[in-house]
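Engineer: Questions regarding the structure given below will be posed in turn.
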Amino acid sequence: GDSVTQMEGPVTLSEEAFLTINCTYTATGYPSLFWYVQYPGEGLQLLLKATKADDKGSNKGFEATYRKETTSFHLEKGSVQVSDSAVYFCALSASGTSYGKLTFGQGTILTVHP
Amino acid sequence: EPEVTQTPSHQVTQMGQEVILRCVPISNHLYFYWYRQILGQKVEFLVSFYNNEISEKSEIFDDQFSVERPDGSNFTLKIRSTKLEDSAMYFCASSEGGGVNTGELFFGEGSRLTVL
């Protein structure tokens with residue numbers, strides 16, 4: 001079946017450091033890919049998405065590129081802030097199914113220190 | 001900003017008891033979902049709901065689970081006879097569209113269920 005694997009966490013960085021959170025997936029066809037973020041005490045929020053190969057999703061300085069050849073959708077940010085501390089979830093929606101049925105990775109806890 | 005709200009934030013119950021988790025989706029949304037996350041595990045899809053019917057459900061969503069939209073605003077998840085393994089964080093979500101037009105899912109903060 002479909003699956004998403006994220007890099008093991010937690011990740012701890014200093015402010016202004018470069019961030020990469022790896023995400024790879026297994027799915028048939030051409031899934032849509034998402035990054036969701038959960039700030040403390042809040043629900044999951046869509047951070048960015050890409051719906052076809054080579055698309056780049058971006059938002060709030062975060063970027064991720066849909067790489068079909070490596071089945072990856074790594075999340076990057078050039079300079080993290082303390083306010084980016086949160087849990088980040090990579091997810092996919094398999095082609096041919098409701099987009100509301102998401103398959104999630106295990107989540108990566110990011111802590112950014114001043 | 002509109003948001004999905006869930007109650008209770010935390011419920012503790014005895015094994016075998018019935019539990020109802022409540023959600024108020026965003027008012028103009030038509031598609032509703034429940035997900036759950038067992039501690040230390042992935043967020044898992046349970047069920048999607050549209051037009052007063054279940055659109056899709058996972059293997060987890062067995063006969064012990066049911067959903068309904070009783071009054072046009074609330075969306076509820078009922079677990080008839082809770083088991084220890086039902087202990088998890090349950091997330092409600094809603095979207096304006098469905099299928100290929102689903103767009104963004106908006107999630108609530110979650111309801112933590114602890115079964116003793």
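Engineer: For the modelled label position 7 Å from the Cα of residue A:70 along Cα-to-Cβ, which residues of the range A:1-32 have backbone nitrogen atoms closer than 16 Å?
Structural biologist: It comes to A:5-8, A:19-26, nothing else.
Engineer: OK, next. Amide H neighbours of residue A:55 under 5 Å, at least 5 residues apart or on other chains, H built in the peptide plane: list them.
Structural biologist: Result for residue A:55 returns A:66.
Engineer: Just to check I understand the Karplus step: with θ = phi - 60° and J = 6.51 cos²θ - 1.76 cosθ + 1.60, what whole-Hz values come out for the range A:17-32, glycine and proline as x?
Structural biologist: Values, residue by residue: 6, 8, 10, 9, 10, 7, 9, 10, 9, 10, 6, 8, x, 10, x, 8 Hz.
Engineer: Oh, and also: Express in whole angstrom the spacing between the alpha-carbon centres of the range B:1-49 and the range A:40-64.
Structural biologist: Here the answer is 23 Å between Cα centres.
Engineer: Under 5 Å between amide H atoms, partner at least 5 residues away or on a different chain: which partners does residue B:87 have, H built in plane at 1.01 Å?
Structural biologist: B:115
Engineer: Compute the convex hull volume of the Cα atoms of the range B:31-98, divide it by the residue count, and report the result per residue in Å³ as a whole number.
Structural biologist: Given the Cα convex hull of the range B:31-98, per-residue volume reads 92 Å³.
Engineer: Report the FRET efficiency, 1/(1 + (r/R0)^6), for residue B:9 and residue B:54, where r is their Cβ-Cβ distance and R0 is 22 Å, rounded to 0.05.
Structural biologist: On the way: r = 26 Å, r/R0 = 1.16.
It comes out at approximately 0.30.
Engineer: List the residues whose amide H sits under 5 Å from the amide H of residue A:15, counting only those 5 or more places along or on another chain, with H placed 1.01 Å from N in the peptide plane.
Structural biologist: A:113
Engineer: Sticking with this structure for a sec: Please list 3J(HN,Hα) in residue order for the range A:101-114, calculated via the Karplus relation 6.51 cos²θ - 1.76 cosθ + 1.60 where θ = phi - 60°; whole Hz, with x for glycine and proline.
Structural biologist: In residue order, the calculated couplings are 8, 9, 10, 9, x, 7, x, 10, 7, 10, 10, 10, 9, x Hz.
Engineer: Spin-label point model (7 Å from Cα, Cβ direction): what's the residue B:39 to residue B:66 distance in nm?
Structural biologist: 3.0 nm
Engineer: Also, quick follow-up: Over chain B, calculate the relative contact order: mean separation of alpha carbon pairs under 8 Å at least 6 apart, over the residue count, as a percent.
Structural biologist: Here the relative contact order equals 38 percent.
Engineer: Whole percent per 10 Å bin, from 0 to the bin with the longest distance: what is P(r) over all C-alpha pairs of chain A?
Structural biologist: 15, 50, 28, 6, 0
Engineer: Considering Cα pairs under 8 angstrom that are at least six residues apart, work out the relative contact order of chain A and quote it in whole percent.
Structural biologist: 37 percent
Engineer: Just how many pairs of Lys in the protein assembly as shown have C-alpha atoms closer than 16 Å, counting pairs that are eight or more places apart or on different chains?
Structural biologist: Total qualifying Lys-Lys pairs in the protein assembly as shown comes to 11.
Engineer: Let me know the Kirkwood hydrodynamic radius for chain B, please, with Cα pairs as the basis and the value in Å to one decimal.
Structural biologist: 14.1 Å
Engineer: Continuing with this model, one more query. Using only the Cα atoms, what convex hull volume per residue in Å³ does the protein assembly as shown have?
Structural biologist: 122 Å³
Engineer: With a point put 7 Å past each Cα toward its Cβ, work out how far residue B:74 is from residue A:83 in nm, to one decimal.
Structural biologist: 3.6 nm
Engineer: Next question, about the same structure. Each residue of the range B:89-98 in turn: what ³J(HN,Hα) in whole Hz from Karplus with 6.51, -1.76, 1.60 and θ = phi - 60°, glycine and Pro shown as x?
Structural biologist: Once rounded to whole Hz, the list reads 8, 10, 10, 9, 9, 9, 9, 6, x, x.
Engineer: Please check chain A for the longest run free of trypsin sites (Lys or Arg not before Pro) that are loop-located per DSSP (anything but H, G, I, E, B) and have at most 15 other Cβ atoms within 10 Å.
Structural biologist: Numbers: sites that count: A:52, A:60, A:68.
Looking at chain A, A:1-51 is the longest stretch - no exposed trypsin sites (Lys or Arg not before Pro) with at most 15 other Cβ atoms within 10 Å.
Engineer: If you don't mind, there's one more thing I want to ask. What does the net charge come to around residue A:62 if you take all other residues with beta carbon closer than 14 Å to its beta carbon, with K and R at +1 and D and E at -1?
Structural biologist: The answer is +1.
Each value in this text was obtained by applying a stated rule to the coordinates, not by laboratory testing. The structure presented is a predicted model; accordingly, all values stated were derived computationally and were not measured. Ideal geometry is used to build each Cβ from the backbone, glycine not excepted, and the neighbour counts take in all protein chains shown.
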